[in-house]
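The values are calculated or read from the model by the stated rules, or taken from the named source; none is laboratory data. Everything numeric in this text was worked out from a predicted model, so none of it was measured. Neighbour counts are summed over all protein chains in view; Cβ atoms, including those assigned to glycine, are modelled from backbone coordinates with ideal geometry.
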Amino acid sequence: MNQPIIALDFPSMDSTDQFLSQFDREKLYVKVGMQLFYKEGPNLIKKLKEAGHWIFLDLKLHDIPNTVKEAMKSLATLHIDMVNVHAAGGKKMMEAAMEGLEAGTAAGRHRPLCIAVTQLTSTSEKMLKEELLINSHMEEAVLHYAKLTKEAGLDGIVSSALEVPLVKEKITDFITVTPGIRLPGDKADDQTRIVTPEKARKLGSDFIVVGRSVTKSGNPLEAYERVVYEWNN
Ligand SMILES: O=c1ccn([C@@H]2O[C@H](COP(=O)(O)O)[C@@H](O)[C@H]2O)c(=O)[nH]1
């Protein structure tokens, strides 16, 4: 079974524990983002690891190459499974991220997967042009950043599932992690490039990231099971 990655966008360890307690010790693939990590830090990661969960630490590093390299050295000691940067930091920054991760990974351990955000799933075509002054269509912009990411030696990208077919056509051996996932009928909220789990599977995503469709549902366990079903069948 392919597991969706569940975004633990909660304010504290307590609210996270409360959410996870509904899953009866099932091992989940979880995503810890800025809100939770900035509050609870490495202790939370340790706790989630001890409970057997896989962890995508979604901090989206974006700084000068040396700073990103040293930050990745530290993050590699947390034994997470996946980590990320913003591709907009450029090739040198992404290469530095990989150097840091490799240097920080203990002998005998797997280096965490490292992926780069191409264009946030909250970004629309209009915003791309008018605010970011990127004068190409979303798909081309995502592909351009994906190519830079591949050249820098990273394992894959974050994009919406809508761009996955083009990325997969042009770049091989490269994973696609796609947030902006909504169950049919759910609100888009601040996301603009959204698809259902079923559509993401049909478009060829390797991993989907699901937050509010599960965490804000009246019945999170049932919503999770629906996502799992749609994602796998
Ligand atoms: O382009 C991106 C990159 C990261 N995210 C993160 O994924 C989740 C999505 O949450 P939803 O509640 O399902 O919208 C959230 O943690 C974002 O920080 C993204 O949405 N888009």
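Each row is one residue, and each column tells you yes or no for (1) buried (at least 23 other Cβ atoms within 10 Å of the Cβ); (2) within 16 Å of Asp206 (Cβ to Cβ); (3) within 16 Å of the ligand (Cβ to nearest atom).
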position: Ala88; (1), (2), (3): no, no, yes
position: Arg109; (1), (2), (3): no, no, no
position: Leu113; (1), (2), (3): no, yes, yes
position: Met127; (1), (2), (3): no, no, yes
position: Gly153; (1), (2), (3): no, no, no
position: Val177; (1), (2), (3): yes, yes, yes
Checklist entry - Considering only residues of the range 211-233 that are without any contact (Cβ under 8 Å) to a residue 60 or more places away in the chain and among the charged types (D, E, K, R), which is nearest to the ligand (Cβ to nearest atom)? => result Lys216
Checklist entry - Given the conditions (1) aromatic (Phe, Trp, Tyr); (2) more than 15 Å from the ligand (Cβ to nearest atom); (3) surrounded by fewer than 16 Cβ atoms within 10 Å (Cβ to Cβ), which single one is not true for Trp54? => result (3)
Checklist entry - Only one residue in Lys27, Lys31 is at pLDDT 95 or above and surrounded by fewer than 16 Cβ atoms within 10 Å (Cβ to Cβ), so which one is that? => result Lys27
Checklist entry - From Ala188, Ala146, which residue is small (Gly, Ala, Ser), without any contact (Cβ under 8 Å) to a residue 40 or more places away in the chain and within 14 Å of the ligand (Cβ to nearest atom)? => result Ala188
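Within the range 23-42, how many residues are part of a helix (DSSP H, G or I), small (Gly, Ala, Ser) and within 16 Å of the ligand (Cβ to nearest atom)?
Counting residues in the range 23-42 that are part of a helix (DSSP H, G or I), small (Gly, Ala, Ser) and within 16 Å of the ligand (Cβ to nearest atom) gives 0.
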Next on the checklist: Would you confirm, using the coordinates I've provided, whether Ile208 is crowded, with 24+ Cβ neighbours inside 10 Å, within 11 Å of the ligand (Cβ to nearest atom) and more than 19 Å from Ala88 (Cβ to Cβ)?
Outcome noted: yes
